[in-house]
Amino acid sequence: MSKLLVTGGRKLSGEVKVQGSKNSTLPILAATILCEDESILFNCPKLSDVDATVGILRYLGCTASRSDDTLVVNTKAMDKSDIPHELMLKMRSSIIFLGVLIARCKKAKMSLPGGCELGPRPIDLHLSALRQMGIEINEEHGELECSAPDGIFGAKIALSFPSVGATENIMLTAVKAKGTTVITNAAKEPEIVDLAEFLSSCGAKISGAGESTIIIEGVEKLHGTKHSIIPDRIVAATLMSAIAATKSKATLDRVILSHLSAITPVFEQAGCELSFKEGKLTVASPYRLHSPKLIRTMPYPGFPTDAQAPVMAMTCLARGITVFVENIFESRYKHVDELNRLGADIKVEGKVAVVDGVRHLSGANVRALDLRGAAALVVAALSSQGKTEITGLEYLKRGYDDFEVVLQTLGADIKKI
Ligand code: UD1
């Protein structure tokens, strides 16, 4: 079992590139199925979730090869429309294959994704939208069996919550449907826009991505394309937290500032100086951080739930109290007990966490229990006095590409053993 060994207290400096976005890469990889041809994706991060998605593509009969950050996928020879249970289990977000399988094969079979470390993960919004598009769905014995005997039809779909995954699944089902689909209360995340840009460059007709109403006009055929994945805004927020928590000054390259519009004000309230020029964001931390007071997670453009844990790790050392309200997922405070083991003072009541900033954290043995919680422990370990051992690295690898190497480049004393 590998673990990270961190000796905290080192200042970070220099410049690193922000990896490509995990949450863009996964739906775009699924979307390649609709092209029935070769697609080339640049800036694809090396992550276990990406490997799991590529594993599903290969099982379906597609080919995929990687050279550094470039993935070449060819979906022409795909000859299956089911995903076995063990492949579904590897990653909850493989539900994103539902729409593309039905759109390509007019049928799909997969197991229900079930809950995950963040609590229950229902897919009712996905299923009711696909039913409105003429797809028959049977849910029995933990399996989903779908067919579209009469074809797939555009529909007016009003989401009761702007779910990212449901918006993506509807877009993927609609691009080759008969007629026009209108999604209202759609998710507006940058990853939705990236998916729309990929699909549009394959020949899809989509307008409004990034706004709350998305209109998709079905087309007969899509073709392969070349596409560069957007930088990962959550990895950027994690690195910003690490720089701030270690009282450092360092630069992140490949940043799209508008994607961080709810994140940068938190760092400014904490007393950090931010400067941005030509895709590079420099973060300079004050001697002691101030509490950013109140952070509420919300759908985009609100503060992202995925940045809650790493930013919380930063606030552990801030002067004053920071209140977090987690509005998106039920069980998203699993990192709190571990941060407290490092000397933080955090209390949780339901969806509220209250962080009373302390002067010092001190190294300890801690265990990651989910992806962003793992990142939070790394941030806290870097700002702790002494040595910290972090286990549960399989979670970190789901979303962070060679994270210890990135942090070593910034001068951190961190190694994987
Ligand atoms: C995506 C991201 C994840 C991020 C989340 C919210 C990917 C691979 N994952 O997850 O990192 O934390 O967006 O920004 O892109 N819900 C329902 N019914 C549904 C679907 C969702 O009740 O059918 C609820 C969920 O339980 C959750 C909330 O809606 O409470 C948000 O979920 P959603 O936006 O769908 O997140 P994901 O697409 O799963």
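With the chain treated as a Gaussian network of Cα nodes joined by springs under 10 Å, which of 63, 246, 32 yields the largest mean-square fluctuation? Maximum among the listed residues: 63.
Mean separation of Cα pairs under 8 Å and 6 or more residues apart, divided by the residue count, gives segment 165-265 a relative contact order of 25 percent.
The helix-only estimate of mean residue ellipticity at 222 nm for the chain, built from DSSP H runs of length n ≥ 4 each weighted as -39500 (n - 2.57), is -9500 deg cm²/dmol after division by the residue total. Taking amide H positions as modeled 1.01 Å from N, with prolines and chain starts lacking one, the residues under 5 Å from residue 361 and 5 or more places away or on another chain are 385. Rg/Rh for the chain (Cα atoms only, Rh after Kirkwood) is 0.98.
Let me know the shape class of segment 378-417, please: from the alpha-carbon gyration tensor, a ≥ b ≥ c as square roots of the eigenvalues, rounded when a/c is under 1.5, otherwise prolate if a/b is greater than b/c, or oblate. It is oblate, given that a/c is not under 1.5 and a/b is not larger than b/c. When GluC sites (Glu not before Pro) are flagged only if DSSP places them in a loop and at most 11 other Cβ atoms lie within 10 Å, the longest unflagged stretch of the chain comes out as 1-219.
The stretch between residue 405 and residue 150 holds 86.6 nm of extra length on full extension. This uses 0.36 nm per residue minus the Cα-Cα distance.
Mean separation of Cα pairs under 8 Å and 6 or more residues apart, divided by the residue count, gives the chain a relative contact order of 21 percent. When a/c reaches 1.5 or more, the comparison of a/b and b/c decides; with that in mind, is segment 22-228 rounded, prolate or oblate per its Cα gyration tensor? Here segment 22-228 falls in the rounded category. A simple spin-label model places pseudo-atoms 7 Å from Cα toward Cβ; at residue 107 and residue 200 they are separated by 3.6 nm. Extending 7 Å from the Cα toward the beta-carbon at both residue 124 and residue 139 defines two label points whose distance is 0.8 nm.
Taking amide H atoms as placed 1.01 Å from N in the peptide plane, the amide H of residue 342 has no partner under 5 Å among residues 5 or more positions away or on other chains. 3J(HN,Hα) couplings calculated from phi for segment 153-158 with the Karplus curve 6.51 cos²θ - 1.76 cosθ + 1.60 (θ = phi - 60°) are, in sequence order, 10, x, 8, 8, 10, 9 Hz; Gly and Pro show x.
Which whole-angstrom value gives the distance between the alpha carbon centres of segment 259-304 and segment 178-211? With segment 259-304 and segment 178-211 each reduced to a Cα centre, they are spaced 28 Å.
Nearest 0.05, what FRET efficiency do residue 1 and residue 178 give at R0 = 60 Å with Cβ-Cβ as r? Numbers along the way, then the final one.
On the way: r = 52 Å, r/R0 = 0.86.
Working from the Cβ atoms, E equals 0.70.
Annotation: amide H of residue 230 within the under-5 Å range of 21, sequence separation 5 or more or interchain, hydrogens built in the peptide plane.
Given a Förster distance of 30 angstrom, what is the FRET efficiency for residue 415 paired with residue 276, based on the Cβ-Cβ distance and rounded to 0.05? After rounding, the FRET efficiency stands at 0.45. The residue 37 and residue 160 beta-carbon pair, evaluated with R₀ = 51 Å, returns a calculated FRET efficiency of approximately 0.90. Modelled label positions at residue 268 and residue 348, each set 7 Å beyond Cα in the direction of Cβ, lie 3.1 nm from each other.
What the phi angles of segment 388-400 give under the Karplus curve with 6.51, -1.76 and 1.60, with θ = phi - 60°, is a coupling list of 10, 10, 10, 10, x, 5, 4, 6, 4, 5, 5, x, 10 Hz, glycine and proline written as x.
We did not get these values from a lab; they are worked out from the coordinates using the rules stated. For clarity, every value in this text was computed on a predicted model and none was experimentally measured. We place every Cβ from the backbone using ideal geometry, glycine too, and count neighbours over all the protein chains shown.
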